[in-house]
Amino acid sequence: MQNNPYQSLIDALIDGDRDKAYQSASELLKSGIPKERIVVEGIHKAMEMLDGKCTAEQFNLLELMLTGRAVSTVIDLLYKGDQSGVASRETIVLAALEGDIHDLGKSIVKTVLMGKGYRTVDCGKDVTIEKIVETAKKEGAKAICISGLISSVMPQIKRLKPSLEEAGCGDIAVLAGGAALKQATAEVLNVDYVGITAFDAGKYIDTLLGYSHDQS
Amino acid sequence: MTSLERISATVRFERTDRVPVIAQIGAHSAIFAKKKLIDYVRDGELAAYSQITALEHYGYDAVFAIFDSCVETEAAGSTIEYREDIYPAVIKYILNPDSDVEKHKLPDPHQDGRMPEILKCVRILRQEVGDKTLVVGTVIGPMTVLTQLMGMERALYMAIDDPKRFVKFFDYACQLVRRFGLAQLEAGAHLILTFDPAASQTVIPPQFYREFVLPRHRELFKTFKEGGAIANWVHSAGRIDDIMPYYQETNVDIVNFDYEVDPLSAIANTGHICLDGNIKPLSFIFDTPEIIRQESLKLMGIFKERGGFILSSGCEIPPESKPENIEAMVNAARETL
């Protein structure tokens, strides 16, 4: 059985070991493997495997943060921080709404989507609905991911789809997640989908845009 | 039985006249009392008035001296932004990984930030209810305080990259929490609720809890007992199934379990510890009184043989909840009379 040259990188990314991930990616580069292959066979593969491993019961923020940091370290090495080299899929806009506590969950979803090859546009935290609509329209987004840790942001998220329709981009999918929002149904929040873990958004978008979902 | 007697007996797994019920209410009490959230979180007298108004209406078994999750970090020097209808949030953390935390001043609960207002709230609540109703003092738990002092991302990365340094920061957070909790006990709180959502397994793996948090929770609860607490109550929102077995080693008396935790799993994982939970908080906004009643009856049925159960929500009842849904939970507990 032939050894997978990317296995060391994949293992390091899943373990969240950024030093080892950097070292493995450096060795792959030195051996002449193109950056694009390292992204597809290393980063994308690691995210797919993590996706299958992280069920709602096993998910924890710390491990995903460490993987996210390791992924960013490798992307920095390959593309000097320019994620356009990694992005081969459609654009997804992410935001945490005005008044929320923090946007860590949203940042994790961003890492997952980046790892899958989507182009992500992060509006940050404390973002108004108007700003989200403007950004999604300008960037030609296919979906918007909103995180909400507190119930007080619910009236805002309910306004998002009508605002998109008013702006003539009602075909953009709206996804919600986070401690408070995940307790509600899509119908109540007036969104297309509510995810429980950081990986659910990626799975939904994969299906929506016609990418097969690999559970390897 | 008085509410306090009912809660105390339940913690000891003794028989009670009915199942105790606690609505975990913060700013909902202000809205119910027709006050503004922004005033509630800054004024101990107004908060106490709101809590008493809600208690008199709903008739549950405890009142809370609680504002929001920023009280401790604000007192330590972080910058907070207040908003009209939403809980305040940190906009500038006081600590960063380079801070000389060992020299950083510990806040004085009698002077700094809004801590004195919380103490005022505790004093008024105790004066009003005496020993009839449980007066709950609240602290944000040490793991969560640390994330509020320096940001969650920086705190968690530090734990992995430089664990020795992380421990120094963590111990500062513990001292801060200890002082604040003891001051609330001195002011008249019957016990302290330690709210530590960053110590749930949604955020950290169980091994992290065992290594870093468990010994500090144990020490904290011991200190609160020595400071006069009739019991200790821990609340880590979200999933805690694999962390729950460690609670037995902390000597905590009451464990809150959120809606994501199966009651049978909570029973299996906590041994002889009183549990409270776990109606989904958003149900109090969206569902009907009948759904809340059915959920309450189901929970009380599960715990009927075991005892050691306080009917409650899984986490804070959201400010915008429907009063009739809170009434439904309280009335369901009264059906067990």
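The values are calculated or read from the model by the stated rules, or taken from the named source; none is laboratory data. Being a predicted model, the structure only gives us computed values, none of them experimental. Using ideal geometry, Cβ is built from the backbone for each residue, glycine included, and neighbour counts are taken over all protein chains shown.
Residues of the stretch B:138-191 that are in contact with a strand residue (DSSP E or B) (Cβ under 6 Å, 6 or more places away or on another chain) and within 16 Å of residue B:102 (Cα to Cα): B:177 alone. Residues that are over 13 Å from the mean Cα position of the chain (by Cα) and within 14 Å of another protein chain (Cβ to nearest Cβ) number at least 3 in the following helices (runs of 4 or more DSSP H) confined to the stretch A:120-203: A:154-158, A:186-189. The residue list A:176, A:186, A:180 contains one member that is at pLDDT 90 or above and in contact with a Gly (Cβ under 7 Å, 6 or more places away or on another chain), which is A:176. Cβ separations smaller than 8 Å between residues 6+ apart or across chains give the following pairs from the stretch A:102-115 residues that are more than 15 Å from residue B:151 (Cβ to Cβ) to residues that are crowded, with 24+ Cβ neighbours inside 10 Å and among the hydroxyl-bearing types (Ser, Thr, Tyr): A:109/A:147; A:111/A:67.
Remark: residue B:298 falls outside the filter, which requires a residue to be surrounded by fewer than 22 Cβ atoms within 10 Å (Cβ to Cβ) and in a loop (DSSP other than H, G, I, E, B). The set of residues in the stretch A:170-216 being more than 29 Å from residue B:200 (Cα to Cα), surrounded by fewer than 16 Cβ atoms within 10 Å (Cβ to Cβ) and out of contact with any strand residue (DSSP E or B) (no Cβ under 9 Å at 6 or more places or on another chain) consists of A:170, A:171, A:207, A:210, A:212, A:213, A:214.
Of the residues B:164, B:222, the single one that is without any contact (Cβ under 8 Å) to a residue 12 or more places away in the chain, of a type outside the set (S, T, N, Q) and surrounded by fewer than 19 Cβ atoms within 10 Å (Cβ to Cβ) is B:164.
Against the test of being crowded, with 19+ Cβ neighbours inside 10 Å and in contact with a strand residue (DSSP E or B) (Cβ under 6 Å, 6 or more places away or on another chain), the options A:114, A:154 yield a single qualifying residue, A:114.
Per the conditions (1) crowded, with 22+ Cβ neighbours inside 10 Å; (2) within 11 Å of another protein chain (Cβ to nearest Cβ); (3) free of Cβ contacts under 8 Å to residues at least 60 places away in the same chain, the sole criterion not satisfied by residue B:255 is (2). Of all residues in the stretch B:283-337, those being within 14 Å of chain A (Cβ to nearest Cβ), of a type in the set (Phe, Trp, Tyr) and in contact (Cβ under 8 Å) with a residue 40 or more places away in the chain number 1.
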